Structures are given as structure tokens and as C-alpha cells.
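Here the structure comes first, spelled out in C-alpha cells, and everything after it is commentary.
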Protein chains: 6
Amino acid sequence: MALTHVNEKGEAHMVDVGEKPPTKRKATASGVVRMQKSTLDLIVQGGLAKGDALAVARVSGIMAAKKTPDLIPLCHPLPISSVKIDFATTENSVKIIATVATTAPTGVEMEALTAVSVAALSLYDMIKAVDRSAIIEQILLEEKSGGKSGHYVR
Amino acid sequence: MALTHVNEKGEAHMVDVGEKPPTKRKATASGVVRMQKSTLDLIVQGGLAKGDALAVARVSGIMAAKKTPDLIPLCHPLPISSVKIDFATTENSVKIIATVATTAPTGVEMEALTAVSVAALSLYDMIKAVDRSAIIEQILLEEKSGGKSGHYVR
Amino acid sequence: MALTHVNEKGEAHMVDVGEKPPTKRKATASGVVRMQKSTLDLIVQGGLAKGDALAVARVSGIMAAKKTPDLIPLCHPLPISSVKIDFATTENSVKIIATVATTAPTGVEMEALTAVSVAALSLYDMIKAVDRSAIIEQILLEEKSGGKSGHYVR
Amino acid sequence: MALTHVNEKGEAHMVDVGEKPPTKRKATASGVVRMQKSTLDLIVQGGLAKGDALAVARVSGIMAAKKTPDLIPLCHPLPISSVKIDFATTENSVKIIATVATTAPTGVEMEALTAVSVAALSLYDMIKAVDRSAIIEQILLEEKSGGKSGHYVR
Amino acid sequence: MALTHVNEKGEAHMVDVGEKPPTKRKATASGVVRMQKSTLDLIVQGGLAKGDALAVARVSGIMAAKKTPDLIPLCHPLPISSVKIDFATTENSVKIIATVATTAPTGVEMEALTAVSVAALSLYDMIKAVDRSAIIEQILLEEKSGGKSGHYVR
Amino acid sequence: MALTHVNEKGEAHMVDVGEKPPTKRKATASGVVRMQKSTLDLIVQGGLAKGDALAVARVSGIMAAKKTPDLIPLCHPLPISSVKIDFATTENSVKIIATVATTAPTGVEMEALTAVSVAALSLYDMIKAVDRSAIIEQILLEEKSGGKSGHYVR
């Protein structure tokens with residue numbers, strides 16, 4: 001077994017997807033921002049967003065999905081067809097769930113994970129003055145469909 | 001207590017740092033990519049990088065630090081004076097540690113956290129074909145110095 | 001009637017265009033930079049461009065069309081197939097007309113409007129030292145074709 | 001009188017601000033998105049934002065202020081110290097007011113105007129499916145302070 | 001004969017490729033960084049890369065290929081399907097060879113040339129403190145295939 | 001002697017310039033696009049630019065100077081204070097000369113070289129349909145001043 005993104009000499013390259021037909025692909029990723037309960041209260045109340053904080057995080061995640069090939073060196077540029085970002089809260093955390101779709105020769109896992117990561121960073125940015133010790137954790141691929149490797153559910 | 005990045009009506013804005021003098025600031029953040037032991041063996045051998053994989057992740061993290069204000073909506077553009085990214089491995093994980101410095105009216109915590117996050121995503125991108133279940137976790141601020149809020153160590 | 005770009009809870013998302021087939025689409029937008037007659041004389045003489053000013057504005061508009069998905073949060077990335085920017089002058093204004101085309105599942109209205117807006121801003125930038133009170137006005141969609149909503153002429 | 005951004009041969013260049021000391025500068029710009037009354041009702045109710053639409057426009061404007069030197073060819077990169085975007089509504093229009101500040105050798109008029117323009121475009125993007133004929137108008141500099149040319153109020 | 005990128009009045013535009021079907025296209029470009037023998041020894045030893053220097057150059061070139069439409073005003077955005085960058089060394093130079101492929105209505109010559117140019121600049125950046133007089137030379141198109149103009153070999 | 005951009009283990013990092021005071025710095029770089037005489041005639045006539053071609057190249061070079069830290073992985077972001085691009089023609093070549101200035105703790109050699117390279121690529125882009133064999137050559141640093149290493153003239 002070997003890494004697909006480096007050749008036999010260990011040199012990085014952008015994998016050739018020119019022989020793969022474009023097909024429908026979808027990926028869902030998630031991640032968690034863990035914070036103090038009092039911090040969460042500044043953002044959400046009774047399950048409802050207070051002010052722009054969650055909207056800012058959502059917009060930053062959607063925009064980041066589009067920037068994925070500019071951030072991740074070996075990612076292909078893809079014609080993203082949709083991005084959706086949801087938030088779910090416990091009493092001291094915000095879970096970020098991003099779903100991205102495309103019709104392309106390669107998948108959108110990285111786009112979904114990048115959307116989650118940047119939305120999490122934006123959320124941290126807004127709470128860091130009151131809760132510097134907040135942590136971003138459990139960024140992972142929940143599910144993907146389409147492509148040769150088929151359907152994956154964590 | 002209230003969020004600094006939204007006003008009393010909950011509207012987001014870029015905080016005014018115009019009255020703060022530029023001072024030396026430094027921040028260190030870290031994060032972990034947890035993977036299968038066999039995956040790690042593809043990247044590192046006896047503590048030494050094999051091929052370009054870690055270099056690609058390092059470069060992507062350094063470049064991402066510079067893109068922070070383009071990714072995080074309410075971050076100020078800053079004249080970064082250094083970025084350093086180190087890797088430490090256990091038998092089934094790679095820890096990414098990023099240190100960023102500047103002389104500016106505001107700190108570089110977000111730059112360090114963004115460098116860590118994007119380096120982690122780039123690493124995941126390179127191993128995902130062999131280890132889709134790898135997880136990015138424990139992205140956090142290790143230490144910061146400079147500015148009114150003073151020295152912070154986790 | 002409801003906004004297409006937010007869901008029933010008011011949350012923004014990038015609309016799913018994955019089920020729409022790519023078709024030929026074209027959009028023309030325009031806008032006006034109104035300035036003093038003496039300012040216009042610095043740029044245009046007898047209907048002919050003097051020096052690089054109009055070329056700079058034209059290039060900035062063409063490049064901005066390509067940056068649309070990076071500027072407008074909920075826009076899809078599109079494979080633009082052409083961009084054309086024309087200028088028409090009256091005695092105290094420059095009208096900017098941009099036409100953009102693509103073959104894609106969604107239209108290029110935003111690309112045409114963004115091209116016009118940025119070309120107008122670039123023109124203002126070059127004249128602002130001599131005519132700070134110049135105004136950008138009447139940015140609007142002139143015409144669009146292709147897609148389910150069909151041909152639109154203002 | 002001549003344009004500052006082109007030399008005597010008409011060739012564009014980025015004006016040399018190397019001899020000018022950095023000073024505090026501020027600029028306020030505004031613009032208007034005119035739409036049908038029924039469209040406005042989808043965004044604002046009783047003066048209160050409904051859902052994310054205004055937040056999306058605000059975030060896009062703040063981010064665009066930071067992209068100004070990447071959009072406007074002859075603009076200098078500046079260390080923006082604050083960006084604020086407000087909305088005021090009449091019964092059929094949204095007025096966008098952006099204020100940007102910096103400490104730099106040159107002003108932030110273009111940053112304020114770019115923030116207004118992109119926020120307006122983002123707003124148009126969200127309403128275009130229900131109100132294609134909406135118009136962006138009256139983008140202008142309201143006020144600027146700092147720098148050799150002094151205080152300007154429209 | 002006339003330039004394709006300007007109209008009969010000499011005005012620049014992005015050429016319309018909307019009538020051309022997407023076909024497979026590939027381009028290879030190369031360039032040379034000439035330096036002192038002692039400088040080359042800092043980067044390469046016995047034909048093997050020492051440290052990250054070549055990897056940094058390679059990554060920067062791959063990422064630059066994706067930025068081509070953002071750098072070259074009249075280039076179309078293209079769905080790049082692969083990028084590969086190789087280095088060949090003589091005793092006092094590094095030759096950079098980039099191959100880019102796509103399936104698109106227009107070719108990837110500019111992407112290959114941009115990858116070479118930026119990889120060369122990155123290499124120069126890393127050696128400039130020890131060898132300021134190094135030169136980048138002979139950036140040229142080696143070969144292209146696909147498209148109406150057919151196969152070209154220098 | 002060792003490369004400044006990698007540490008003793010060969011790992012790349014952005015060099016720390018935090019201890020260096022900002023001083024005035026200037027750099028001039030040049031490069032040549034060699035083409036057929038008949039191609040040059042399409043761009044320049046009697047030493048005068050025909051149409052927008054040279055203006056497009058000039059604008060792209062100015063904009064590229066500002067993108068340098070986004071292209072060259074280990075470059076610091078700098079507050080560029082001026083960019084100037086000149087063209088000199090022989091009977092079968094265009095020489096591009098770029099001069100960039102800043103007040104910063106590090107120099108602008110890379111900004112000047114990047115401006116030249118991208119202006120050259122843009123010029124090649126416009127002539128490639130009529131002269132695919134054109135070559136970009138002799139990209140080099142002509143002169144730099146400011147900083148600890150002092151004045152350098154090639």
C-alpha cells in the first residue's frame with residue numbers, strides 16, 4: 001500500500017483524474033467546538049442563535065468550501081453544486097455539520113472537512129476573548145457517496 | 001460579559017484596534033491527526049519523514065497562516081514576521097505545532113490555529129485514500145504572549 | 001414566496017444545482033460612473049481612451065468576474081467561457097457594460113454585475129484624487145438568457 | 001490637472017506613498033439596493049432582520065474590504081484596523097453604510113466603497129430569484145478623515 | 001494576423017470558448033534556475049533533494065497552476081485534472097518541468113508555464129540570501145496536445 | 001553556509017524578521033519575452049503600444065506584486081508602497097522592468113521578480129496563438145537597496 005499523492009520517489013503531485021468520468025458525489029463532515037457553558041449562552045439561547053455569530057461561522061464555512069483547492073495543495077478544483085452547514089448544540093459545545101455536493105471525477109470530502117474546520121475557527125475567533133481555552137475537536141468524515149470507492153458511512 | 005465581535009444588537013463587525021499600539025506578539029497552537037499505525041508508517045519511518053508528505057502539510061500550514069484574514073471573516077490583516085511548523089509523532093498520530101509571531105496591535109492566535117488546521121487537513125488529504133477514518137482532534141491554543149491580556153499558557 | 005438562499009429557518013446555504021443540467025447562459029449588466037466633465041476629459045478624448053485608465057478598469061472587471069464566487073458567499077463556482085467589457089461615454093459619465101457567458105447549471109448574472117461593479121470602483125480609484133464626489137450608480141441587469149427562467153430583457 | 005495613477009505617458013502605476021507617514025484615517029461610504037416592497041419584506045420585518053440575509057451581506061462586505069488591493073489594481077495593501085457595516089431600510093430599499101479605519105500612509109476610501117459594493121451585490125444575489133429588476137445605486141463616499149487632503153464630508 | 005485577446009479596437013477581452021467542446025488537453029513547460037555550483041550543493045546532493053527546498057518549490061508550482069486564472073487576466077478558469085512537477089539538475093542549474101492536464105474547451109499551456117515560473121521564483125527565494133545573482137531563464141512551452149491546433153512539440 | 005529558509009533538519013519555515021526594524025527598501029527586476037518580429041509588430045508600433053496588450057501585462061504584473069506572499073510559500077506579507085512596470089522593446093523582444101518599494105523589515109526582491117514573471121506570462125498568453133514558440137528569459141534582480149545587506153547592483 002502506498003500514498004496516492006506521492007510517486008515512488010516520494011514526490012508530491014496532483015493525482016491524475018482525467019480518466020475518471022464526472023459522477024454525482026456528496027460528502028458530510030463534522031466537528032465540535034467545546035467551550036464553557038457560559039460562553040455558549042452568549043451565542044445560543046434556547047436552541048436559537050443570538051445575533052450574527054453562528055451566521056458568520058456558517059458563511060465562513062461555505063466560503064471556505066470554495067477555497068479548498070487554494071488551501072489544500074494537492075486538491076483538484078471542483079464545480080461545487082451545493083454547500084449546507086448546520087449547527088447542533090449540547091450544553092457546552094457546538095457541533096458543526098457540513099454537506100457538500102458536486103458532479104465531478106473526484107469527491108468532495110476535503111471540501112466538507114474544510115468547511116467544518118473554517119467554521120469552527122471562525123466560531124473560536126468570536127469567543128476567544130471570553131474563552132481562550134475552547135477546543136476544536138473530532139473533525140471527521142461522517143459519510144460520503146459517489147465515485148469508485150462507493151458509499152461510506154462512519 | 002459579551003462577545004467582542006458583535007455589537008449590542010448582535011451585528012458582527014471587525015473590532016477596532018486602531019487605538020492599540022503595535023507590540024510583539026507570539027502564539028503557539030497545536031492539533032493532532034489520529035490515524036492507523038500502518039498509515040503513519042507510510043509517512044514517517046524511525047521518526048524521519050518519508051517523501052514529501054510532511055513537507056506538503058508544512059507548506060500548506062505556513063501559507064494558510066498568511067490567508068487567515070481571507071478565511072476568518074472578522075480577523076484583521078497582520079504583518080506576520082515568522083511561521084514555524086513542527087511535527088511530533090506517536091505510534092498512531094501526528095501532532096502539529098505551529099508558532100506564529102508578529103508586531104501588531106492584535107494577536108496571532110487565529111493565524112497559529114489556522115496553520116495547524118490546514119496542515120492537518122492537508123495531511124488528511126494525503127492519507128484519506130488509505131485511511132478514510134482518520135480524525136483531526138484537539139486543535140487548541142498552547143500559549144500566547146504580548147498584548148494587554150498578557151502571557152497565557154494552557 | 002421566499003428567498004431561495006435561506007431555508008425555512010432563515011439559515012443561509014448554497015442552493016443545490018446538482019439536478020440542473022449545464023446549459024448555455026449569458027448575462028449582460030451595466031452601471032454608470034458619474035463625474036465632472038473635466039474629469040472625464042482626463043480619461044477620454046473625442047471618444048478615445050487616453051492612456052491606460054480604461055484598460056485598467058476593463059482588466060479589473062474581467063478579473064473580478066472570475067472572483068465572483070470568492071466575493072459573493074452563496075455563488076457557485078462556474079467555468080466562465082467569455083467576458084467582455086465595453087465603455088460608453090456621455091459628457092460627464094462613463095457607462096460600463098459587461099457581458100459574461102458560461103455553460104453551467106446556473107447563470108452568470110452575478111459575474112456580470114461583479115465585473116461592472118469592480119470596473120466602476122477601479123475607475124473611481126483612478127479619478128478620486130481629482131473628483132472625490134464622483135458617484136457609481138444604476139448597476140443593474142440588462143439581459144440574461146439560458147436556464148429555466150428563460151430570456152429576460154430589462 | 002492630471003490623473004495621479006498614470007504617468008505622463010498614460011501608463012498606470014501604483015503611486016509611491018513611501019514618503020508619506022502613516023496616520024489615522026477613516027472613510028465612510030454608502031450605497032442603496034432598491035427593490036420591490038414585497039422583496040424587502042422577505043428580508044426585514046419591522047426594522048428587524050429576518051434570517052441570515054443581512055448577516056450574509058454584512059460578512060461579505062467586511063471580507064471584501066480586506067480584498068480591496070486584490071480587486072482594485074492600483075490600490076495599496078493596508079492594515080485595516082476596523083470595518084463596520086450598517087443597514088438602514090426605507091419601504092423599498094436597503095441603504096448600506098460602511099466605515100473603515102486604518103493607520104497608514106494612504107486612505108481607506110476604496111476599502112469602504114468596496115465593502116458597500118460587495119455587500120450590495122450579495123444582497124442582490126439573495127433576492128434576484130424573486131426580484132431580478134432590483135438596482136444598486138448611489139454608491140458614494142460620505143466622509144473621509146486623515147491624510148494631507150483633510151476632512152471631507154459630502 | 002491579429003491578436004486573439006484584443007478586438008479590432010485593441011480592447012482586451014476574455015476570448016469566447018463557449019462554442020468549443022471540452023476535450024482532453026495536456027501541456028508541458030519548462031524553465032531553468034541557473035545558480036552557483038556551491039548553491040546547488042545546498043539543495044541537492046548526488047541527485048537527491050536535501051531537506052524541503054525542492055518540495056517547497058514543487059508545492060508552490062502545483063498551487064500556482066490552480067491560481068493561473070487569478071494571475072493571468074484573460075485566462076479561463078479550467079478544471080485541472082493533474083499537475084506534475086519534476087526537477088533535473090546539471091552541476092549549476094535546476095531545470096523545472098511541469099505537466100498539466102485538463103478536459104476543457106481550451107488548453108493548459110498557461111497553467112504549465114505558470115507552475116514553472118512560480119516554482120522557479122520559490123527556488124530563487126530560498127537561495128537568494130546566498131546567491132542573489134541566480135537567474136531564471138528559458139521558460140518555454142515544450143509540448144502541447146489536444147484542441148484544434150493539434151499536437152505541438154518544440 | 002546554509003539556506004536561511006530551512007532549519008538544520010532541512011525543514012522549511014518562514015524566517016523570523018521580528019527583530020529587524022522596518023526600513024525603506026527598493027528592488028528592480030527585469031525579464032525578457034523573446035518573440036518573432038512579426039509578433040512584436042502586433043503589440044508595438046514605432047515604440048508605441050497598440051491597443052491594450054501592454055496595459056494588460058502591466059496591470060497583471062502590478063497585481064502580482066501584491067500576491068507575492070500568496071504565491072511564494074516562505075515570503076512575508078509586506079506593505080508595498082509603490083510598483084512601477086516599464087517596457088523596452090528591441091526588434092524581436094519586450095524587456096519588462098519592475099520596481100517595487102516598501103518600508104518593512106525585509107526586502108521586495110521577490111515582489112519585483114514576481115511582477116516581472118507574471119507580466120511576462122500575461123504577454124505570452126496574448127501572443128501564444130500567433131507565436132507559440134516565444135520564450136521568457138533572463139529573469140533577474142537588477143538592483144536592490146535598503147536592509148542589512150545594503151545596495152546591490154548586478
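Based on this model, can you work out whether C:I96 counts as closer than 21 Å to C:Q138 by Cβ and within 16 Å of the chain's Cα centre (by Cα)?
Yes, satisfied.
Given the structure, is C:S82 out of contact with any His (no Cβ under 7 Å at 6 or more places or on another chain), more than 20 Å from E:H13 (Cβ to Cβ) and of a type in the set (S, T, Y)?
Answer is no for this residue.
Does segment B:5-15 contain any residue that is free of Cβ contacts under 8 Å to residues at least 12 places away in the same chain, open to solvent by 10 Å² or more (accessible area, probe 1.4 Å) and farther than 20 Å from D:S60 by Cβ?
Scanning segment B:5-15 turns up at least one residue that is free of Cβ contacts under 8 Å to residues at least 12 places away in the same chain, open to solvent by 10 Å² or more (accessible area, probe 1.4 Å) and farther than 20 Å from D:S60 by Cβ.
Could you say whether any residue in segment C:85-97 is modelled with pLDDT of 95 or more, under 27 Å from D:V130 (Cβ atoms) and aliphatic (A, V, I, L, M)?
yes
Can you report the number of residues in segment F:73-83 which are at the interface with chain D (Cβ under 10 Å from one of its Cβ atoms) and either in contact (Cβ under 8 Å) with a residue 12 or more places away in the chain or in a strand (DSSP E or B) (or both)?
Residues flagged as at the interface with chain D (Cβ under 10 Å from one of its Cβ atoms) and either in contact (Cβ under 8 Å) with a residue 12 or more places away in the chain or in a strand (DSSP E or B) (or both) within segment F:73-83 amount to 6.
Say we look at segment C:16-32 and pick out the residues that are of a type in the set (K, R) and open to solvent by 50 Å² or more (accessible area, probe 1.4 Å); which of these is farthest from A:A55 (Cα to Cα)?
Across segment C:16-32, the extreme among qualifying residues is C:K24.
How many residues, within segment C:86-141, are part of a loop (DSSP other than H, G, I, E, B), farther than 23 Å from D:K67 by Cβ and at the interface with chain D (Cβ under 7 Å from one of its Cβ atoms)?
Going through segment C:86-141 one residue at a time, the tally reaches 2.
Tell me the residue from A:D70, A:D41, A:D86 that is of a type in the set (D, E), closer than 30 Å to E:A57 by Cβ, surrounded by fewer than 23 Cβ atoms within 10 Å (Cβ to Cβ) and free of Cβ contacts under 8 Å to residues at least 60 places away in the same chain, please.
A:D70
What's the total number of residues in segment E:107-154 that are closer than 26 Å to C:S82 by Cβ, among the hydroxyl-bearing types (S, T, Y) and open to solvent by less than 30 Å² (accessible area, probe 1.4 Å)?
2
Take the residues in segment F:52-67 that are within 11 Å of chain D (Cβ to nearest Cβ) and of a type outside the set (A, V, I, L, M); name whichever of them is most open to solvent (accessible area, probe 1.4 Å).
F:K66
If D:L54 meets every condition in (1) over 30 Å from F:I80 (Cα atoms); (2) part of a loop (DSSP other than H, G, I, E, B); (3) touching a strand residue (DSSP E or B) at 6+ places or on another chain (Cβ under 8 Å) apart from one, which number is that one?
The single condition D:L54 does not satisfy is (2).
The values are calculated or read from the model by the stated rules, or taken from the named source; none is laboratory data. As the structure is a prediction and not an experimental result, all values here were calculated from the model. As a convention, Cβ positions derive from the backbone with ideal geometry for all residues, glycine included, and neighbour counts pool all protein chains shown. Please note that ligands, DNA and RNA were not included when accessible areas were found on the heavy atoms of the full protein model with its side chains. Shrake-Rupley method; radii C 1.70, N 1.55, O 1.52, S 1.80 Å.
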